[in-house]
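Working notes, structure below.
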Amino acid sequence: MSRAFVQIDNVAMRYGGVEGTLALEGCSLEVQEGEFVAVVGPSGCGKSTLMRLVSGLWPATDGNVLVAEREVDGPLSLVGMAFQNPTLLPWRRILDNVMLPLEVVPAHRKRLRSERAKYEAKALELLKLVGLDGFGGKFPYQLSGGMQQRTSLCRALIHEPPLLMLDEPFSALDVFTREDLWAVLQQVWMARKPTVILVTHDLREAAYLADRVLVMSARPGRIIAERRVPFPRPRTMETTFLPEFTELVADLRSYIAAARKGEEVENVPA
Amino acid sequence: MSQRSNARLEAMAAAARRHRRLQAWLPWIVIASTFLLWEAAVEVLGVSTFILPAPTDVWAAAVRWWKPLLDDSLQTLITTLIGFGLAVVAGLLLGVAIGSSTLVYKGLYPLLIAFNSIPKVAVVPVLIVWFGIGVWPAIITAFLISFFPIVVNVATGIATVEPELRDVLRALGAKPSDIIRKVGLPRAMPYFFASLKVAITVAFVGSIIAESVAPNAGIGRLMMVASSRFDVPLVFAGLIVTGIMGIALYWIAEWIERRTTGWATRGQDQNLATGG
């Protein structure tokens, strides 16, 4: 593999014109194909901005963003996204919400009419995988927040995107639901091996899920530290009680504490 | 213990049933008591029929003139519905345009507001000059008066789509037309139906104004003719028939609204799924 699947080179992003807020500056990172990378950082450090740049929702002010060796100049249909809120369409039943990307992504929308049964079976299978068997006919308001977030995860996966962008997808959930969904996400990732970029402020979440954790500085954000996560998969809740795990989380925490104070962190080689 | 809680549940269910029954009957009770009060007031105070006819006088006039009353109200109903139908089509199209483009919004909105501030009575003579005395001035007045609320509501519904919802589709490479079709329009539907309930009632106002200014046909003309003959009970009969038509169409709009946008009112009696 000569080049990384996602390559961000010296990217800057400024909001609101020349005098606006500088959200990112000199931000560089690489993600290999099939890798699970978590990005953590103090709040307001531009993590979500990074997501939007990679998925092509916003153009970068400076620098290059390459995905699959192509310069990103607009939204990519090879991306699946999930946000902090479930962002389900309230007028659609759960199954129809999950199938929404199929109606939009060019490769699928042509075949959707003729192969609807096949696609529906696939959506139902995904719902089953995340523990929503039998809820396809419900409306979003009939489901709890955690169930809506599971649906949102299914919607991000249904068109089998090679790149999954998760923007704090579990942060609005209670701890137990969140830990359930970590297991679900790990299971999905192990089954399909998509490239994943997960933005989160939960350090345990990052350490549980990712192959590699990147730490961002305070605004303007850039990557100031990187840690490889050594634990074998599948990881379980027991993994999180290992002393090594606790140590890793403590390290990450100290990077972030330093970043909040604006100190330079010595980059730890992976 | 469980017996007691069962009894309590049953009592609560019975109270809910009584409440629902009261809700269903309340409008009729209010209408009936209004008429009774009216009748009694006219009787007791000895108001002359010429000033305020009692409901029984109105009823007598309605029975006596049932044929022209029926013909003219049907005429007004058709005129109103045509104008209203045109307003729905034009209002949806313009509402989508205004709601999805800031340029169209900034460009058109001041003109629309100016136009809506013009009293429609003042427009009718112009319409008569253009289209002659006939059904068209009434149709167009109904259209003009009911068009605005539809535009404003549909535009609001589309313009207030949550950015995150739009991002979900944009991230998938959706075209702007996809976003309007899949997110904007469905989201604007509750707003659209809310505006229909306003629009249908003001559409009546429009067509009746035109019918009274340019008396050709319809319930407006009937009331003009009746008042010029000092037949006040018949004028009141016309007013009441108009009110009844308004309520009927309002109910139809509400029924369609309930059938199509139940998600927005989130059926309160449905059980929430648990877990998560």
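A few comments on the model shown:
- Looking only at residues of region A:23-51 that are touching a His at 6+ places or on another chain (Cβ under 9 Å) and small (Gly, Ala, Ser), we find that the one that is surrounded by the fewest Cβ atoms within 10 Å (Cβ to Cβ) is A:Ser43.
- For region A:59-100, taking the residues that are in contact with a strand residue (DSSP E or B) (Cβ under 7 Å, 6 or more places away or on another chain) and at the interface with chain B (Cβ under 10 Å from one of its Cβ atoms), the one that is modelled with the lowest pLDDT is identified as A:Leu76.
- Residues that are among the small types (Gly, Ala, Ser) number at least 2 in the following helices (runs of 4 or more DSSP H) confined to region B:51-136: B:55-64, B:66-100, B:102-117.
- Search result, residues across region A:166-185 that are of a type in the set (Asp, Glu) and over 15 Å from A:Val199 (Cβ atoms): A:Asp174, A:Glu179, A:Asp180
- So B:Pro215, is it within 14 Å of chain A (Cβ to nearest Cβ) and surrounded by fewer than 21 Cβ atoms within 10 Å (Cβ to Cβ): no
- Elements of type strands (runs of 3 or more DSSP E) in region A:1-87, at least 2 residues being in contact (Cβ under 8 Å) with a residue 24 or more places away in the chain and in contact with an Asp or Glu (Cβ under 6 Å, 6 or more places away or on another chain): A:6-14, A:62-67
- In region B:224-246, the residues that are assigned by TED's automatic domain parsing to the domain that holds B:Phe204 form Cβ pairs under 6 Å with partners that are surrounded by fewer than 14 Cβ atoms within 10 Å (Cβ to Cβ), at six or more places apart or across chains, as follows: B:Val232/B:Phe50.
- Residue tally, condition buried (at least 19 other Cβ atoms within 10 Å of the Cβ), under 17 Å from the mean Cα position of the chain (by Cα) and in a loop (DSSP other than H, G, I, E, B), over region A:114-160: 3
- Check on A:Ala107, small (Gly, Ala, Ser) and within 14 Å of another protein chain (Cβ to nearest Cβ): yes
- Of all residues in region B:156-193, those satisfying the criterion of being closer than 18 Å to B:Glu254 by Cβ and at the interface with chain A (Cβ under 10 Å from one of its Cβ atoms) are B:Met189, B:Pro190.
- Scope region A:34-52; condition within 14 Å of chain B (Cβ to nearest Cβ) and among the small types (Gly, Ala, Ser); matching residues: A:Ser48
- Applying the condition of being more than 20 Å from the chain's Cα centre (by Cα) and in a helix (DSSP H, G or I) to region A:88-101 and asking which residue is surrounded by the most Cβ atoms within 10 Å (Cβ to Cβ) yields A:Ile94.
- For region A:151-160, filtering for residues that are facing chain B (nearest Cβ under 10 Å) and at pLDDT below 90 leaves 1.
- From B:Val232, B:Val225, B:Val205, residue being more than 30 Å from B:Phe131 (Cα to Cα), at pLDDT 90 or above and among the β-branched types (Val, Ile, Thr): B:Val232
- Going through (1) within 14 Å of chain A (Cβ to nearest Cβ); (2) buried (at least 23 other Cβ atoms within 10 Å of the Cβ) one by one, B:Ala203 falls short only on (1).
For (1) touching a helix residue (DSSP H, G or I) at 6+ places or on another chain (Cβ under 7 Å); (2) modelled with pLDDT of 90 or more, each residue gets a yes or a no:
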site: B:Gly132; (1), (2): no, no
site: B:Pro149; (1), (2): yes, yes
site: B:Asn153; (1), (2): yes, yes
site: B:Thr160; (1), (2): no, no
site: B:Val168; (1), (2): no, no
site: B:Leu172; (1), (2): yes, no
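- When B:Leu239, B:Leu196 are checked against the criterion of being away from chain A (no Cβ under 14 Å), modelled with pLDDT of 90 or more and buried (at least 16 other Cβ atoms within 10 Å of the Cβ), a single residue qualifies: B:Leu196.
- A search for C-beta distances below 7 Å between a residue of region B:76-95 that is farther than 9 Å from B:Ala142 by Cβ and in the same structural domain as B:Val241 (by TED's automatic domain parsing) and any residue that is of a type in the set (D, E, K, R) and in a helix (DSSP H, G or I), counting only pairs 6+ apart in sequence or on different chains, returns B:Thr76/B:Glu211.
The values are calculated or read from the model by the stated rules, or taken from the named source; none is laboratory data. The model shown is predicted, which means the values in this text are computed figures rather than measured ones. Because the Cβ atoms are built from the backbone with ideal geometry, glycine has one as well, and the counts that use them run over all protein chains shown.
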